[in-house]
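Undergrad: I have a structure I would like to understand better, so I am pasting it below and will then ask my questions one at a time.
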Amino acid sequence: MGSSTSKSEAESQPARGNIKDVAVIGAGISGVVSAAHLLRAGFNVTVFERTGVVGGVWDYEPKPDRDPPFPNVRPPDPNWAEAEKEGLNSDEVELIHGPPNPCYAGLRNNIPTPIMRSSLLRWPEGSEDFVDQKVVHQYIQDIARLYNVNDKISSHTRVESVSKPEGEDKWTVVTSTFGRTESGHTLTKKTWKFDAVVVASGHYHIPFVPDVSGLSTWKHRFPGRVTHSKQYRTPLPFSNKTILILGAGVSALDIAKETTLLGAKVIQSRRESKYDVLVSRLPEGVERVPMVANFIIDETAGDANSQTLEPGQAIPGKVVLEDGTVLEGIDHVIIATGYITSYPFLGHLEQPLVSWEDADEKVLITSDGYITHNLHKDIFYIPDPTLAFIGVSHLVSTFSLFDFQAQVAAKVFAGQAQLPPESVMREEHRERKARFQPGEKFHSMFGAEDAYIENVLHWVNADLAKAGLDPLPGMDDVWKANYKVFQQRLKGSVDS
């Protein structure tokens, strides 16, 4: 992988402007807009997508992913050979090789469409602020079609390794492609070479399951009654049930909304946080309680083996909260505590046993499973900026910001905008980490991305002006006006 050397900073910076071939990992919104902007800039682009569909988390697949481990608190070691085990049928191999995304049938955007849009395409005339999954999915597919991204996608292809050996000037990318045949399936390995790599694989692949006392026992004993929100698809199985939801994010809110409409009683367990801004949108009747301290099995619940409970039978046990309150009569537990950030194809740059405080100047992922270290402006890998990330920033306008970041990456790769010296980027990153406090979200912009955009524009457009090139426009007046309204809503949610 790229790393610092003893050469001067000018020499150690990769030669941008000579970049021609670029790999993009992922065909969700981040990957599609990255590929589109790179293609418009004249690059040769190959997009790797492990499923067979463009759209990322907005592609609804009724069949859910497999259960994650309970607990699951740090980035896992990759097990690429799992799909090659003997005895698996083609459907099982495809599920392992390209797992479904967490999209549920009722998913809607939680960021208004006027500030959640690509510069490449407007929403259809008359689109509402909040639309369903099918509309969003079609929007991403339309961008891919209009900008010829589809022609560049290698589908059912997962990336298993991205590396740049010492002394080489190209990235080596190793992939595995799943294909169906008349007699079954094939897995085809291939090695590629690229001048640059854009990681746009998203956040929502590896469920985070907290290590709460007794939770793993409940999962083992009653596997169909304890699930992660990634497995959630429709509210029908939860009609008229009592559901305990752990977490206070968007999926927790949506599941509460959908299930209460079908008569469910919802209890939401969560920690106090300034990011808990969705409480005003919860349905009437949802009971909010402190975080769970312990899941206890009823001693009369039978043997220790996995059990299928009778319809209408509650889980035989009780839940003790951190304030000592006891809950009983729970039918289902849904873990909606988010996801672990992981780039398993980046090898030793992912260090799941190293704490975030101990991250060195090369590592990207540590045990916290959230921070992506050593990035400049949440985009460029400081030791070797020919490795870029689109979509790392959190609590943002998503489509709009990721589209902007993709434009910036294209300008830098083309040599039209120059990154600062490595020492300057490192110092900025160190200062940012020094300001970071536990409990904060390192990549969160939380209503402040307009300042980030202006900061990046100032740098990029200064270089473009020196080169006699047109400036990047940034966000238009419609976006800015709607973003100010959005900021006020966020402020109101925090203040309340």
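Undergrad: Can you tell me the FRET efficiency between Asn240 and Val326 if r is taken as the Cβ-Cβ distance and R0 is 25 Å, rounded to the nearest 0.05?
TA: Result of the calculation: an efficiency of 0.65.
Undergrad: Taking all protein chains together and a probe of 1.4 Å, list Asp65, Asp476, Asp211, Asp303 from the most accessible to the least accessible.
TA: Asp211, Asp303, Asp476, Asp65
Undergrad: Can you list the lysines whose alpha carbon sits under 19 Å from that of Lys491, skipping same-chain ones fewer than 8 residues off?
TA: Lys274, Lys441, Lys480
Undergrad: Going by Cα centres, region 241-261 and region 104-137 are how many Å apart?
TA: Here the two parts' Cα centres lie 22 Å apart.
Undergrad: Hey, can you list the DSSP H helices of the chain whose Cα span along the axis is 18 Å or longer and whose average Kyte-Doolittle score is at least -1.0?
TA: What comes out of the filter, once short or polar helices are dropped, is 133-146, 399-413, 449-466, 477-495.
Undergrad: Another question, if that's okay. Pull out the extension gain between Glu428 and Asp21, defined as 0.36 nm times the separation in residues minus the alpha carbon to alpha carbon distance; nm, one decimal.
TA: That pair, Glu428 and Asp21, stretches by 143.6 nm at full extension.
Undergrad: Let me ask something else. Please list, by residue number, every one of the GluC sites (Glu not before Pro) in region 48-119 that is coil in DSSP and has at most 14 other beta-carbon atoms within 10 Å.
TA: Glu86
Undergrad: Using a 1.4 Å probe over the heavy atoms of the protein chains, calculate the carbon and sulfur portion of the accessible area of the chain as a whole percent.
TA: After summing per-atom areas, the C and S share lands at 50 percent.
Undergrad: Let me ask another. Please work out how much length the chain gains when fully extended from Asp132 to Arg489, using 0.36 nm per residue of separation minus the C-alpha to C-alpha distance, in nm with one decimal.
TA: Difference between extended and current length: 126.4 nm.
Undergrad: Restrict the search to region 344-393; then list the GluC sites (Glu not before Pro) that DSSP places in a loop and that have at most 16 other Cβ atoms within 10 Å of their Cβ.
TA: Those satisfying the criteria are Glu361.
Undergrad: Just to be sure I understand: of the beta bridges DSSP finds with both ends in region 228-330, what percent are antiparallel, rounded to 5?
TA: 50 percent
Undergrad: Follow-up question, since we're still on this one. Give the total of Lys-Lys pairs in region 88-225 with Cα-Cα distances below 22 Å; include a pair only if its members are 8 or more places apart or on different chains.
TA: Step by step, the pairs that qualify in region 88-225 add up to 10.
Undergrad: Now for a different question. Excluding ligands, DNA and RNA, what is the solvent-accessible area per residue of the chain at a probe of 1.4 Å, expressed in Å²?
TA: 45 Å²
Undergrad: Provide the percentage of antiparallel DSSP beta bridges, counting only those with both residues in the chain; round to the nearest 5.
TA: If I count the DSSP bridges inside the chain, around 50 percent turn out antiparallel.
Undergrad: Using a 10 Å cut-off on Cβ atoms, rank the peptides 228-236, 317-325, 392-400 from the highest mean neighbour count down.
TA: Those peptides, ordered most packed to least, come out 392-400, 228-236, 317-325.
Undergrad: How much length would be gained if the chain were fully extended between Arg435 and Arg122, taking 0.36 nm per residue of separation minus their Cα-Cα distance, in nm to one decimal?
TA: Using 0.36 nm per residue and subtracting the Cα-Cα distance, I get 108.9 nm.
Undergrad: Still on this structure, I have one more. Run the 1.4 Å probe and let me know the accessible area of Val354, rounded to the nearest 10 Å².
TA: Roughly 40 Å² of Val354 is accessible to a 1.4 Å probe.
Undergrad: Let me ask something else. Check each of the GluC sites (Glu not before Pro) in region 415-496 and keep only those in coil by DSSP with at most 13 other C-beta atoms within 10 angstrom; list them in order.
TA: Here the sparse-neighbourhood loop sites are Glu440.
The values are calculated or read from the model by the stated rules, or taken from the named source; none is laboratory data. Worth saying up front: this structure is predicted, and the values here are computed from it rather than measured. In this analysis, Cβ positions are derived from the backbone assuming ideal geometry, glycine residues included, and neighbour counts consider all displayed protein chains. Please note that ligands, DNA and RNA were not included when accessible areas were found on the heavy atoms of the full protein model with its side chains. Shrake-Rupley method; radii C 1.70, N 1.55, O 1.52, S 1.80 Å.
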